Structure formats: C-alpha cells, structure tokens
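Asks: Quick one: the structure is below, and I'll ask about it shortly.
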Amino acid sequence: MVRGSSAPTALFLTAPFTESPFIAAAAASLYYARADRPRAAALAAAVASAIRITGLALLPALALETLMRNRWRPRSSLGWLALVPLPVLLYGAYMQVHAGDALALLRANSLPSFNHFIAWPWDGLATTWNTLLSASDGETRSIFAREVAFGLLGAVACAGMWASTRMPRSLALYCTLAWLLTASLSFWRSEPRYALALFPVVLLVSDLSARAGRLRYAAVGASGVLMCAGVWVFAEGRWLG
C-alpha cells in the first residue's frame, strides 16, 4: 500500500477538469495489464484515450507489458490494443466530416494567435524560460516559473522510474511518453496539471522514502502547503496551470 503521498496540484482532482476520470481509467488499464488481463486493460485504455489524448501513451506501455510477460513472443491478446487509439481516430473522422480537416484542432492551436505546435522538449523549455526571464510582472513570472518547475520535475521523475530496478518497465515507459506528449510543444503550458498524469511516480516516491520516515512526512507537509497555496490561487480566479 502506498502511504504518505500527495500532490501539490491535487486540487485539479476535484475541480472540473479531466484529471480524475483520466487517472482512474489509466490506472485501471495499467493495473489490468499487470494482472495479465489484456482485454480489460485495452478497454480501460480506450476510455482514457477518449478522455484525453495522453491516453495514447498507454498503447506502447501495454504492448511492452504484454510482450515481457510472454517472453517477447507475440500473442493474440495484442490485438485488443487496437481499441486504444480508436476514440482518437473516431474524433479525427468526426472533424473530417464536420470541419473538412481531421487535424483541425492541431491546426487551430498552431495559428499565430496561440502558436502552440509540436516541437522538441528543449525548444519548449527554452521558450518558456525566456518568457519567464522577460516577464515584467510578478504574476506572469510566477506562472511560467511553475511551468518550468513542474516540466523539469516530470523529466526527473521519468528518469527516476527508469533508474529504479524496482519499477516495472511498462510504468516507466508510460510516464516517459505521457511527459513527452505534454513537453514536446513550442512552449510549456499547464505542466502542473499534466504532471498528475505521471501518477505511477507515486510508487517511486513511496519506495524511495520507505526507510526515511521523517523525509516522507516533510515531503507530505511541504506538498500539502503548496496544495493549499494552489487552491487559494485557483479560487481567486488566477492561472495555476
């Protein structure tokens, strides 16, 4: 059992955002994959993909888990994974019919008014960092400082998942791909929210702090303080991420 863990931006689990249902579906998918129930895992992953495109990160993770459990021999159960991207493909078909462009949403985001397009993670970091340094008011600096901090924290967490010999490789792969889906953009946006998708990292934190009770309590206390601060910012109608 994982005890003594919390997230500074856990307020998004109660606010009207997609984090709660997405994490529920993604966690169920990874659990069923680890329990060798490929059909249930694929169905849960399809639900996660219907909620957020980050669910596509589950597809390679489930495939890796299945192959590793079967000593890298292909199995018919891999066919269930075709369900995972189906919601995204159906949405693309819907946009093609009604807007004449399956990628209309991506093209809209890349327009000069928003200028959010696919880029290397280091390019997104550089743009966000430069915006932080050039900001003329404290509020803007605070916003972009959070983006940089949580984006880098996500990268460190993913590296920690791979470095730990106790973490399943499928969970490490999922975290890495989920982080890349949010960091491989022209500038980092909503990283405090998107970091919640890296929920398997809780296992790593719990494992590392298992023998350091004081450190664990200190981390939980600091996280709780930051979460209360975030709730206050959000309640005042200001941008939190």
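Asks: Mind telling me which of LEU83, LEU103, LEU30 comes out most flexible in a GNM of the chain, alpha-carbon contacts under 10 Å?
Replies: So, out of LEU83, LEU103, LEU30, the one fluctuating most is LEU103.
Asks: Here is a follow-up. Give the residue from LEU90, THR131, SER29 lying farthest towards the positive end of the charge dipole for region 12-159; charges sit on Cβ (+1 for Lys and Arg, -1 for Asp and Glu) and the dipole is referred to the Cα centre.
Replies: After comparing all options, I get SER29.
Asks: Here's something else I'd like to know. Please work out the FRET efficiency for the pair VAL202 and ALA229, using the Cβ-Cβ distance as r and a Förster radius of 25 Å; give the result to the nearest 0.05.
Replies: Numbers: r = 21 Å, r/R0 = 0.83.
The formula returns an efficiency of 0.75 here.
Asks: Span-like helices, the chain: DSSP H, alpha-carbon axial extent 30 Å or more, mean Kyte-Doolittle -0.5 or greater, which ones?
Replies: 138-163, 213-235
Asks: Another question about this same structure. Anyone know which of THR140, THR165, THR54 comes out most mobile in the 10 Å Cα GNM of the chain?
Replies: Greatest mean-square fluctuation among the candidates belongs to THR165.
Asks: Further, regarding this structure: Report the residue, chosen from LEU62, LEU196, LEU153, that carries the largest GNM mean-square fluctuation when the chain is represented by alpha-carbon nodes joined by springs under 10 Å.
Replies: Most flexible of the set in this elastic network: LEU153.
Asks: Follow-up. Starting from the 7 Å offset along Cα-to-Cβ, what nm value, one decimal, do you get for the label separation of ALA218 and TRP122?
Replies: Taking the simple label geometry, ALA218 and TRP122 are separated by 3.3 nm.
Asks: Determine the calculated [θ] at 222 nm for the chain from helices alone, applying -39500 (n - 2.57) to every DSSP H run no shorter than 4 residues and normalising by the residue count; nearest 500 deg cm²/dmol.
Replies: -20500 deg cm²/dmol
Asks: With +1 on the Cβ of every Lys and Arg and -1 on the Cβ of every Asp and Glu, and nothing else charged, how large is the dipole of the chain about its Cα centre, in debye rounded to the nearest 20?
Replies: 1000
Asks: If you don't mind, there's one more thing I want to ask. Starting from the 7 Å offset along Cα-to-Cβ, what nm value, one decimal, do you get for the label separation of ALA99 and ASN130?
Replies: Going from the ALA99 label point to the ASN130 one covers 2.8 nm.
Asks: Given a cut-off of under 8 Å on Cα pairs at least six residues apart, what relative contact order in percent is computed for region 14-113?
Replies: Averaging sequence separation for qualifying contacts and normalising by length gives 23 percent for region 14-113.
Asks: Here is a follow-up. With the cut-off at 1.5 for a/c, could you classify the chain from its C-alpha gyration tensor as rounded, prolate or oblate?
Replies: It comes out oblate by the Cα gyration axes.
Asks: Looking at VAL225, ALA210, LEU196, which one has the Cα that reaches farthest to the positive end of the dipole of the chain (charges on Cβ: Lys, Arg +1; Asp, Glu -1)?
Replies: Value: ALA210.
Only the coordinates and a few stated rules stand behind these numbers; no lab work does. Since this is a predicted model, take the numbers as computed values, not measurements. Don't worry about glycine lacking a Cβ; one is built from the backbone with ideal geometry, like all the others, and counts go over all protein chains shown.
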